[in-house]
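Read-outs throughout are calculated quantities, based only on the coordinates presented, and are distinct from any laboratory measurement. Remember, predicted model here, so these are calculated numbers, not experimental data. Here the Cβ is made from the backbone with ideal geometry for all residues, glycine too, and neighbour counts use every protein chain on show.
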């Protein structure tokens, strides 16, 4: 009987796997501080209270608190300046925190520029629809100023490609959809570098075609803003979908080029 009971316990242990590990105190402290950042109790630029105050508040030792802060530092939620008397500073990350790792994954998978552009063609028209239905007039004014001021200036300075990429990204950001904005931010550098290279190459080889494309881009952007102001979500979606497909054709470049070759 004893042997059967022992065998039964062994079998049960095998099914259950390893014993559950009690969460470390430092992880619990890091979790609480992280939640304070998420809830807005600690905002970008704030400094964490002094060590003595935090150790007393959480009833933990100084090494435990420092381990918790290192967890947040690894997550890029705080910035620690060694030797500073002000302590750790809250640093709320933007899309750039995932942009580089995401780009690395695309590089490792052999992703092409065309693959990235097609993905953007799925993201941006959806953002245009949201912007048309939920966007504020201030957002439309910002886009219009961009087209009236930033785009012509960039064209004159032979930096049209970078300005085009910023317009695309800003339009998605202004939609207010954080998820779409995050994805667009992840792909921004790839799109920007490709557009810069393609437009500059076109400007050197065919100035007349380059200027014609510039005028076409501007007219298309103005058309988008007009549809947004009219709250025409369906029209804005259809127009921007067509815009991006045409832009992929006009800007051209080597669409089979690997992402890794752009970012190297």
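Against the chain, whose longest principal axis is taken from its Cα atoms, helix 96-108 shows a tilt of about 80°. The ranking of 73, 124, 137 by Cβ neighbour count inside 10 Å, starting from the fewest, reads 137, 73, 124.
In the elastic network of the chain, a GNM with C-alpha springs shorter than 10 Å, the most mobile of 92, 38, 78 is 38. Tell me, how many Å apart are the Cα centres for region 105-136 and for region 30-54? With region 105-136 and region 30-54 each reduced to a Cα centre, they are spaced 34 Å.
Shape of region 102-155 from the C-alpha gyration tensor: oblate (a/c of 1.5 or more and a/b not above b/c, with a ≥ b ≥ c the square roots of its eigenvalues). By the Kirkwood approach, averaging reciprocal distances over each pair of separate Cα atoms, the chain gets a hydrodynamic radius of 22.2 Å. Between residue 25 and residue 211, the simple label model (points 7 Å from Cα in the Cβ direction) yields a spacing of 7.3 nm. The angle between the Cα long axis of helix 2-16 and the longest principal axis of the Cα atoms of the chain comes to about 20 degrees, rounded to the nearest 10. Spatial offset of region 87-104 relative to region 171-195 amounts to 15 Å, using the alpha carbon center of each.
Rounded if a/c is under 1.5, else prolate if a/b is larger than b/c, else oblate: which is region 144-250, with a ≥ b ≥ c the root eigenvalues of its Cα gyration tensor? Walk me through the intermediate numbers first.
Values: a/c = 1.79, a/b = 1.39, b/c = 1.29.
Prolate, because a/c is 1.5 or more and a/b exceeds b/c.
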